[in-house]
Amino acid sequence: MPKAPRPLRDGSLAAALGVTRIARLTGLDRTGVEVASAVRPGAHVLQVTNGKGETFEPAARGALLEAAELWAAERAQVDAWGCASDLAAAHGEDAVVRPEALAPERAEPGWAGLRLAWRAGQELLGGAPALVPACAVHCPPAGGPLLGAAVVPWTSNGMGAHEDRAAALLHALLEAIERDLLARALPEGFTEEAVAARPPPPRSRPRAAPRAAELAARLEARGFGVHLLDASAPASAPARGAAGAVPALPCAAALIADHEHGAVPLSAGYACRLDRDDALLAALLEAAQSRATEIHGAREDVAVGDRRAATGLAALLGGTRARREAGRMQGVRDAGDAAEAVRAVLALLRRARIARVVAVELDAPPGVHVVKVVVPGLALSELL
């Protein structure tokens, strides 16, 4: 694995982001998974961001890159002002991503004439420039640039940060697809019907996903119940409206139940990757990170879990007979480097009849790229 460039190793990125400390949370829990926390006292969105990994270095790196995503989102820029109708008349309909395409459930008749701030991005399926409502890209603090009415709620979904732009873009795309697949696979959350239809049986893990199976075994040896769910789309997923689910990308949900009835009875993690073992492993690592995050208690967006509901869900998971083999989770083989993987993911989005994928590159400290992708037609799961 290539060494991380200097900004991530010499502390210059942390200083540029206002990160005053990277803490090791691993010892707060007994999962053995490394979890790190980056602290930004002057942050607007979140003052604490987390990362996880099989060793501490990637965990700390992940926490720092997540901080970079939010740092960039807080520093709003405006590339154009105007209403969608006027901009479409001046530049062409394809040059404008109208707010109603991003928030159809909130759309109102007057949006077409509403003056908004816009960010310039690139249409990845066609290559042409495109304008996106700035409120979908940025979340500025008080005193920051005015963006107009926040008709499209800001979310960190679809953001990626990395030293390599293609890797940042790949991260952003997979995150947006993950939230869509979860919304389709678990539309009402972890119901009995959804859980029964989704989990791959433990016996299929070692052959289909050896690294995830190894971590699951270590967690079970430490007194945890491990439940892995396949949230991927079927190869012939039916269309929903104009767009269908994205096939051939493994999406996993992982739940860790504490048999010793500790501080966090149940935690969850989710991931979409190009390889099923990567997806299952990443979901498990995130579930372990969720435990440490709740125990740590420093994230202002994380509440204490509902123990009664968690106990009921753990019992449901423990009593559910799996119907899917882990080997049925599809993947993109031999994707090569990040740029090639991005091309493969975009091809799958075309297959799913996604019409537009717009990437906006945000300002970031030297040595790091931060990208936000906006994909009309993809749903946003509310699972955390």
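Expressed as a whole percent, the accessible area of region 1-92 that falls on carbon and sulfur atoms is 52 (1.4 Å probe).
For the chain, Cys83, Cys135, Cys139 have no disulfide-compatible partner, since no other Cys C-beta lies under 4.7 Å from theirs.
If you run the Gaussian network model on the chain, springs between alpha carbon atoms under 10 Å, then out of Ala279, Ala221, Ala43 the most flexible one is Ala221. Note on region 246-304: Kirkwood hydrodynamic radius from all Cα pairs is 12.1 Å, rounded to one decimal.
The calculated P(r) of region 112-250, using every Cα pair and 5 Å bins from 0, goes 2, 8, 11, 14, 17, 16, 12, 8, 7, 4, 2, 0, 0 in percent.
Backbone phi angles across region 179-193, fed through the Karplus curve with coefficients 6.51, -1.76 and 1.60 (θ = phi - 60°), yield HN-Hα couplings of 5, 5, 5, 5, 5, 7, 6, 10, x, 10, x, 8, 7, 4, 5 Hz in residue order; Gly and Pro are listed as x. Taking only the C-alpha atoms of the chain, Rg followed by Dmax gives 20.7, 64 Å.
Volume per residue of the convex hull around the Cα atoms, evaluated for region 15-143, comes out as 164 Å³.
Rounded to the nearest 20 Debye, what is the dipole magnitude of the chain about its Cα centre when Lys and Arg each give +1 and Asp and Glu each give -1 at the C-beta? Let's see the in-between values first.
Details: 42 positive and 44 negative charges, 153 e Å.
It comes to approximately 740 debye.
Note on region 13-95: with charges restricted to the Cβ of Lys and Arg (+1) and Asp and Glu (-1), its dipole about the Cα centre is near 640 debye. Stokes-Einstein, applied to the Kirkwood radius of region 66-118 over Cα pairs at a viscosity of 1.002 mPa s and 20 °C, places its translational diffusion at 171 µm² s⁻¹.
Averaged per residue, region 96-173 has 40 square angstrom of accessible surface, using a 1.4 angstrom probe with ligands and nucleic acids left out.
Quick one: pull the percent of accessible area on region 176-281 belonging to carbon and sulfur, 1.4 Å probe, ligands and nucleic acids left out. Whole-percent figure for carbon plus sulfur exposure: 51. Taking amide H atoms as placed 1.01 Å from N in the peptide plane, the amide H of Leu124 lies under 5 Å from those of Val357, Val358, Ala359, each 5 or more residues away in sequence or on another chain. May I ask for the distance between the Cα centers of region 325-367 and region 53-73, given as a whole number of Å? The distance from the Cα centre of region 325-367 to that of region 53-73 comes to 20 Å. Using C-alpha pairs under 8 Å with a sequence gap of at least 6, the mean separation divided by the residue count of the chain gives a relative contact order of 20 percent. Dimensions of region 69-172 along the principal axes, based on C-alpha atoms and rounded to the nearest Å, stand at 40, 36, 25, largest first. Please compute the volume of the convex hull spanned by the alpha-carbon atoms of region 27-84 and report it per residue in Å³. Output value, Cα hull per residue: 117 Å³.
The values are calculated or read from the model by the stated rules, or taken from the named source; none is laboratory data. Keep in mind that what you see is a predicted model, and the values were worked out from it rather than measured. Because the Cβ atoms are built from the backbone with ideal geometry, glycine has one as well, and the counts that use them run over all protein chains shown. Side chains are part of the model used for accessible areas, which takes the heavy atoms of the whole protein and leaves out ligands, DNA and RNA. Shrake-Rupley method; radii C 1.70, N 1.55, O 1.52, S 1.80 Å.
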